[in-house]
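Okay, so here's the structure we're looking at.
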Amino acid sequence: MPADQMKRPKVVYFDVNETLLDLSPVKESVAQVLNGKEELVTLWFTTMLQYSLVATAGDHYRNFSEIGAATLQMVALNNNVSLSEEKAKEVLKPMRSLPAHPEVPEALERLKNGGYTLVTLTNGAHNALEEQMTNSGLKKYFSQLLSVEETGMYKPHSRVYSWANRKIGINPREGIMVAAHGWDIAGAVWAGWHTAFISRPGQQLYPLAGKPDIIAPDLSMVADELLELKE
């Protein structure tokens, strides 16, 4: 549905990593430990996502930080780099103090002042989420910080999106998911949500998931479209 035909949602849900926060510091840290091979950073991130889905399918939840460290060890081993669990966790510490993308604070402020309820919905563990939002200065914009940790499974499982709506107290069409990942947009679309895709560099939509309501290169432009919507 084009944005100009969509009714104004009550709640704007946000993915956090890459959508709101710039992953550059952790990418640099990971590349450094992998002998400077920057191309392996993307492989690590996709492997982390893969094994979060393995944990969901296998009904064996471990938090995102644990999966991140374990999959970093896997990628390292495949590239002849010996990496202990302790060292892998140390490498990923920058994940908790990522900066916001430049346009994000102003866009969130406009949305909040415009009457929207803002909520995070992230695969990150709750304690990591609290640190991220505090360290980035974004916590003040959000009514609630939701982590999938409470569900014991990861996005894009449909139950995660259903749980979020029950937690907030709205129906699927009263919220919109804002994310910079095609897999997250796909999960939200399949759960019956409105969606807004931020086309950050290197991110693409999944062609088999259907088109989101809003596509924009940054959060400022997403905010522009949301603020124009009528109830």
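The values are calculated or read from the model by the stated rules, or taken from the named source; none is laboratory data. The structure presented is a predicted model; accordingly, all values stated were derived computationally and were not measured. With ideal geometry, Cβ positions are generated from the backbone for all residues, glycine too; neighbour counts draw on all protein chains shown.
Among the residues of the stretch 153-176, write down those that are hydroxyl-bearing (Ser, Thr, Tyr) and surrounded by 20 or more Cβ atoms within 10 Å (Cβ to Cβ).
Within the stretch 153-176, the subset hydroxyl-bearing (Ser, Thr, Tyr) is 154, 158, 161-162.
Those that are hydroxyl-bearing (Ser, Thr, Tyr) and surrounded by 20 or more Cβ atoms within 10 Å (Cβ to Cβ): Tyr154, Tyr161.
Of the residues screened, Gly169 is one that is out of contact with any Pro (no Cβ under 8 Å at 6 or more places or on another chain) and at positive phi. Only residues that are within 21 Å of Ser24 (Cβ to Cβ), without any contact (Cβ under 8 Å) to a residue 60 or more places away in the chain and surrounded by fewer than 17 Cβ atoms within 10 Å (Cβ to Cβ) were counted in the stretch 177-220, giving 4. Before we move on, is Leu118 closer than 21 Å to Ile185 by Cα and in a helix (DSSP H, G or I)? Here the answer is no, as Leu118 does not meet what is asked. Residue-level analysis places Leu40 outside the set of residues that are touching a helix residue (DSSP H, G or I) at 6+ places or on another chain (Cβ under 8 Å) and within 30 Å of Leu227 (Cα to Cα).
Within the stretch 1-36, restricting attention to residues that are modelled with pLDDT of 95 or more and exposed (fewer than 15 other Cβ atoms within 10 Å of the Cβ), the residue that is farthest from Glu131 (Cα to Cα) is Gln32.
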